[in-house]
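Report on the following structure.
The values are calculated or read from the model by the stated rules, or taken from the named source; none is laboratory data. Just so you know, these numbers come straight off a predicted model, no measurement behind them. Virtual Cβ from ideal backbone geometry, glycine too; neighbours counted across all protein chains shown.
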Amino acid sequence: MPRLADELGIEAERVPTDAPFDVRAYDGIWLVPGPLVSPSPWGDDRIDGATGEGRMGGDDEPGASAAFAALLRDWGAAIVANDAPAIDRFLDPGWTLVGTDGAVQDRAGFLGLVASGELVHTRMSAELVSVRVHDGVAVTLARGVSAGAWCGAPFRDEEWSVDTFVRQGSGWRCVHTVVVPASR
């Protein structure tokens with residue numbers, strides 16, 4: 001399986017720390033495995049030990065919430081239209097989905113299921129809860145409902161969705177989606 005850095009065409013560098021785990025930076029974004037505990041293992045304010053929130057990137061870009069709410073709405077409309085080429089316009093070639101059942105699906109597999117009619121969506125709503133933009137990477141958190149039919153069997157899931165987007169040219173494409181069940 002190719003490394004994320006290779007798929008995105010960016011260089012990863014090991015961040016020198018005395019932390020007991022491997023920390024890597026991708027275009028200035030720090031990836032740290034697992035939750036952090038206070039105080040920060042670096043002894044500074046790069047990571048808030050209480051919340052685990054990073055302080056490496058800048059604040060959200062002006063208008064980011066409105067822009068990503070519209071992007072999620074338009075992506076959801078493409079999914080409800082069951083239009084694989086329209087859905088693909090929102091996806092990076094290396095996109096992967098971790099579904100509510102924990103299964104991992106790649107872009108080609110997901111689009112194939114939509115194109116074949118095995119996966120049909122009748123509803124895809126997403127209320128944007130937050131968006132964090134760090135240079136050319138954005139992470140969204142949304143809560144919504146996904147409904148339709150899988151191999152003819154109806155489904156309806158209330159879910160949380162975390163999407164990671166990268167800026168490509170003048171737009172954003174999703175590289176990873178993780179969906180988890182939401183309590184009703």
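Restricting the range 135-177 to residues that are surrounded by 15 or more Cβ atoms within 10 Å (Cβ to Cβ) and either among the polar types (S, T, N, Q) or not assigned by TED's automatic domain parsing to the domain that holds LEU91 (or both), the residue that is nearest to SER125 (Cα to Cα) is SER146. For the range 82-124, a residue qualifies if it is within 19 Å of PRO181 (Cα to Cα), surrounded by fewer than 16 Cβ atoms within 10 Å (Cβ to Cβ) and within 17 Å of the chain's Cα centre (by Cα), and the qualifying residues are VAL98, ASP101, GLY102, ALA103, VAL104.
Evaluation of VAL133 against the conditions (1) touching a strand residue (DSSP E or B) at 6+ places or on another chain (Cβ under 7 Å); (2) modelled with pLDDT under 95 shows that the sole unmet condition is (1). Assessment of the range 81-92 against the conditions (touching a residue at least 60 places away in the same chain (Cβ under 8 Å) and either small (Gly, Ala, Ser) or in contact with a Ser or Thr (Cβ under 7 Å, 6 or more places away or on another chain) (or both)) yields no matching residue. Among the residues of the range 133-147, at least one is closer than 23 Å to ALA66 by Cβ, touching a Phe, Trp or Tyr at 6+ places or on another chain (Cβ under 6 Å) and touching a residue at least 40 places away in the same chain (Cβ under 8 Å). Residues considered: THR177, THR164. Of these, the only one that is assigned to a strand (DSSP E or B), polar (S, T, N, Q), at pLDDT 95 or above and in contact with a His (Cβ under 8 Å, 6 or more places away or on another chain) is THR164.
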